[in-house]
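What follows is a short report on a single structure.
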Amino acid sequence: MSSAQSVASFKAGCVLVTGGAGYIGSHTVKQLKAVGIHVVVLDNLVHGHRQAVLSLNVPLVEGDLGDETLLASLFSSHPIDTVIHFAAYAYVGESVDEPLRYYRNNTAAPLVLLDAMRRHECRAFIFSSTCATYGDPVALPITEEHPQNPINPYGRSKLMLEQILRDCEPAWGLRSVCLRYFNACGCSIDGSLGEDHDPETHLIPRVLMAARGEIEAVTVFGTDYPTPDGTCIRDYIHVEDLARAHILALDYLTRGGASTACNLGAGSGVSVRSILEIAENVTGRPVPVRYGPRRPGDPPELVADPSRARELLGWQAEHPGVSSAVESAWRWMTGPRQGRYRA
């Protein structure tokens, strides 16, 4: 099912996208607009980029998710039928050092949003969740029935909101789709949107930064894992595939679908050493590497079972190979704007 076909049942109303100026949020806003959905973005621009939204000619409201007065105004001014919620802090290490900051932003602030939704009878919620809610895997590939036992405050803050959404359904009819991402990667194929975090912690952009000489080297944490080449294996999913899943989730809820959670991954794993090799092939440049010890809490392998998303949403990865993600990220990084927009 194409994205354009999928929203045929969304007759009217408006989608509020929180965190829509961020990496995955802005790609989703772009696809929503492309299929004719009325979108309003709410973002405090702590990590998001103003230009990423303005370039799409979409209304941007700058403000905090926990601002009750602002949310009341938003819901009174726009016929919001659905919320797609991206706004969150997402640095695992930082969450360990500053857990209250993560619980305040990722768990407490959305309560204000949910209360505004309840008061304005908005009962559809699409949640940008994470595979970090599972913690260390006990079986692979990971299904949605895998025990959820997160090992850091970031994962716990996301799991808490998943539980809150479940509790809201019998209380006032909220239906939700929790999309549990694996490793997001890549940039828009047309080069209009990219990945620009500060600090940048994702592997693929750091590898490309090393290839360009922006950083001295990329560090590989651990070469003695029980994997074929000794490095961690992860399931990489292209950002455009992630964005498309949110549109399909919107259609699913609009058609009356029951609350659910879906893994979003390619269903296959790629090692860190393989990423380095792919990057060197794409860029034609060597990638300077440092080798370090394992990081605490890094499982050897994380791979999704995405079959539920295929069965319920009609979704599957259209960019299943990592090469296309690396190519799109390299085009963005080396393009006319040098891959950098600033808020």
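The values are calculated or read from the model by the stated rules, or taken from the named source; none is laboratory data. If you're wondering where the values come from, they're calculated on a predicted model, not measured in any experiment. Neighbour counts are summed over all protein chains in view; Cβ atoms, including those assigned to glycine, are modelled from backbone coordinates with ideal geometry. Calculation scope for accessible area: heavy atoms of the full protein, side chains included, ligands and nucleic acids excluded. Shrake-Rupley method; radii C 1.70, N 1.55, O 1.52, S 1.80 Å.
The table that follows gives values for the structure above.
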read-out: Pro320 farther than 25 Å from His246 by Cα and in a loop (DSSP other than H, G, I, E, B); value: no
read-out: Near pairs, Cβ below 6 angstrom, 6+ apart or cross-chain, from segment 319-334 (more than 21 Å from Glu214 (Cβ to Cβ)) to any residue that is not aromatic (Phe, Trp, Tyr); value: His319/His238; His319/Asp241; Pro320/Ala266; Ser323/Ile278
read-out: Boolean, Ala88 is in a loop (DSSP other than H, G, I, E, B), touching a Gly at 6+ places or on another chain (Cβ under 9 Å), open to solvent by less than 50 Å² (accessible area, probe 1.4 Å) and in contact (Cβ under 8 Å) with a residue 24 or more places away in the chain; value: yes
read-out: Matching entry among Val46, Val58, Val40 (being open to solvent by less than 20 Å² (accessible area, probe 1.4 Å), outside any helix (DSSP H, G or I) and more than 23 Å from Cys178 (Cα to Cα)); value: Val58
read-out: Residues of segment 162-188 satisfying the condition of being surrounded by fewer than 16 Cβ atoms within 10 Å (Cβ to Cβ) and touching a residue at least 60 places away in the same chain (Cβ under 8 Å); value: Arg166, Glu169
read-out: Scan of segment 227-244 for residues that are farther than 28 Å from Ser129 by Cβ and open to solvent by 10 Å² or more (accessible area, probe 1.4 Å), ordered by number; value: Pro228, Asp229
read-out: Any chance Leu159 is of a type outside the set (Gly, Ala, Ser) and either over 19 Å from Leu16 (Cα atoms) or open to solvent by 10 Å² or more (accessible area, probe 1.4 Å) (or both); value: yes
read-out: Flag if Asp198 is open to solvent by 10 Å² or more (accessible area, probe 1.4 Å), part of a loop (DSSP other than H, G, I, E, B), more than 22 Å from Arg101 (Cα to Cα) and among the acidic types (Asp, Glu); value: no
read-out: Flag for Ser274 being open to solvent by 10 Å² or more (accessible area, probe 1.4 Å), closer than 30 Å to Glu214 by Cβ, hydroxyl-bearing (Ser, Thr, Tyr) and not in a helix (DSSP H, G or I); value: no
read-out: Cβ-Cβ under 8 Å pairs, at least 6 apart or on other chains, segment 125-147 side within 18 Å of Cys232 (Cα to Cα), far side open to solvent by 10 Å² or more (accessible area, probe 1.4 Å) and of a type in the set (Asp, Glu); value: Pro137/Glu301; Leu140/Glu301; Pro141/Asp305; Ile142/Asp305
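Residues checked against (1) closer than 22 Å to Glu162 by Cβ; (2) within 21 Å of the chain's Cα centre (by Cα); (3) in contact (Cβ under 8 Å) with a residue 24 or more places away in the chain:
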{"residue": "Val40", "(1), (2), (3)": "no, yes, yes"}
{"residue": "His47", "(1), (2), (3)": "yes, yes, yes"}
{"residue": "Ala52", "(1), (2), (3)": "no, yes, yes"}
{"residue": "Leu56", "(1), (2), (3)": "no, yes, yes"}
{"residue": "Leu65", "(1), (2), (3)": "yes, yes, yes"}
{"residue": "Leu71", "(1), (2), (3)": "yes, no, yes"}
{"residue": "Leu74", "(1), (2), (3)": "no, no, yes"}
{"residue": "His78", "(1), (2), (3)": "no, no, yes"}
{"residue": "Ile84", "(1), (2), (3)": "yes, yes, yes"}
